[in-house]
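Enquirer: Can you read through this structure? Questions will come right after.
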Amino acid sequence: VLKNIEQPYYEILDLQQRFQSTLEAMPDLVFETSLEGLIFDYHSTPSRDKLTAPPEQFIGRNVNEFLAEDATSAILLALRECKESGHSYGQQYTLMHADGEHRYEISASIVNYSNQEQRYLLLARDISITYSLTQRLKALLSLSKASESLAEHDLAQLGLDTLEMLTKSKVS
């Protein structure tokens with residue numbers, strides 16, 4: 001009888017441990033929010049150093065209180081998509097950090113708790129390096145295409161302008 005009573009308890013502990021291990025294996029920032037963007041919780045202890053502020057400063061607050069408008073818009077759009085289809089992938093936004101600009105991609109899913117209103121899990125993945133490399137590749141490919149129709153001097157100037165844009169430098 002005791003074994004039958006304890007078994008569900010141990011199964012719940014195992015599920016909690018599996019969930020926590022999964023979260024710790026992900027490089028993503030994981031937030032639990034309402035449809036309106038109110039942040040209830042933050043679940044990614046290993047990714048805590050990637051946050052622009054400690055969780056105590058944003059838990060219980062709405063994303064529109066501390067994020068830029070484009071980031072807030074992307075998050076709220078992902079939440080609405082998630083409400084309609086059960087998930088959302090691919091919304092992106094940019095944030096400034098001490099080390100420069102970072103690009104994030106959002107994934108979202110619905111969390112249905114038995115005793116609470118519906119909530120949403122938002123995963124924010126830093127795609128800065130991938131995004132930067134993609135932008136560079138597009139710019140370099142456009143140079144290659146432009147080389148077919150531009151004079152040498154004009155192509156050289158376009159190349160310098162492209163390098164300035166890619167490196168965010170005004171020295172060319």
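The values are calculated or read from the model by the stated rules, or taken from the named source; none is laboratory data. Computed from a predicted structure; not experimentally measured. Cβ sites come from the backbone with ideal geometry, for glycine too, and all protein chains shown count toward neighbours. What goes into the accessible areas is simple: the full protein's heavy atoms, side chains included, and nothing from ligands, DNA or RNA. Shrake-Rupley method; radii C 1.70, N 1.55, O 1.52, S 1.80 Å.
Enquirer: For the chain, take the longest principal axis of its alpha carbons; what is the angle in degrees between that and the long axis of helix 128-146, to the nearest 10 within 0 to 90?
Expert: Once rounded, one gets 30 degrees.
Enquirer: Where does helix 2-25 land angle-wise versus the long Cα axis of the chain, in degrees 0 to 90, nearest 10?
Expert: 10
Enquirer: Also, I was wondering about something else. Determine the sum of side-chain charges near ALA98: Lys and Arg each +1, Asp and Glu each -1, restricted to other residues whose C-beta is under 13 angstrom from that of ALA98.
Expert: Summing Lys/Arg as +1 and Asp/Glu as -1 gives -2.
Enquirer: Go through the range 133-172 and name the GluC sites (Glu not before Pro) that are in a DSSP coil and have 15 or fewer other Cβ atoms within 10 Å of their Cβ.
Expert: GLU148
Enquirer: Keeping every protein chain present and rolling a 1.4 Å probe, give me the accessible area per residue for the range 106-172 in Å².
Expert: 73
Enquirer: Using the Karplus curve 6.51 cos²θ - 1.76 cosθ + 1.60 with θ = phi - 60°, what ³J(HN,Hα) values do you get for each residue of the range 58-63, in whole Hz, with x for Gly and Pro?
Expert: Per residue, the Karplus-derived 3J(HN,Hα) values read 10, 5, x, 10, 8, 4 Hz.
Enquirer: In whole percent, and with a 1.4 Å probe on the protein chains, what portion of the accessible area of the chain is carbon and sulfur?
Expert: Here carbon and sulfur together make up 54 percent of the probe-accessible area.
Enquirer: Based on the mean of other beta carbon atoms within 10 Å per residue, what is the order of 125-131, 77-83, most packed first? Working shown, then result.
Expert: Values: 125-131: 15.0, 77-83: 18.6.
Result, highest mean Cβ count within 10 Å first: 77-83, 125-131.
Enquirer: With respect to the cross-link table entries LYS50/LYS138; LYS145/LYS168; LYS83/LYS138; LYS138/LYS168, which display a Cα-Cα separation exceeding 25 Å?
Expert: Working: LYS50/LYS138 28 Å; LYS145/LYS168 22 Å; LYS83/LYS138 34 Å; LYS138/LYS168 16 Å.
Beyond 25 Å between Cα atoms: LYS50/LYS138; LYS83/LYS138.
Enquirer: Just flag the GluC sites (Glu not before Pro) in the range 1-69 sitting in loop per DSSP whose Cβ has no more than 11 other Cβ atoms within 10 Å. Please report the intermediate quantities before stating the final value.
Expert: Numbers: sites: GLU6, GLU11, GLU24, GLU32, GLU36, GLU56, GLU65, GLU69; in loops: GLU36.
Counting only loop positions with at most 11 other Cβ atoms within 10 Å, the GluC sites (Glu not before Pro) in the range 1-69 are GLU36.
Enquirer: Follow-up question, since we're still on this one. Hey, of [x] 8, 22, 16, 13, 12, 10, 7, 5, 3, 2, 1, 1, 0, 0; [y] 9, 33, 38, 19, 1; [z] 9, 28, 25, 17, 12, 5, 2, 1, 0, which did the structure itself give for P(r) over Cα pairs in 10 Å bins from 0, in percent when calculated?
Expert: This structure yields the entry labelled [z].
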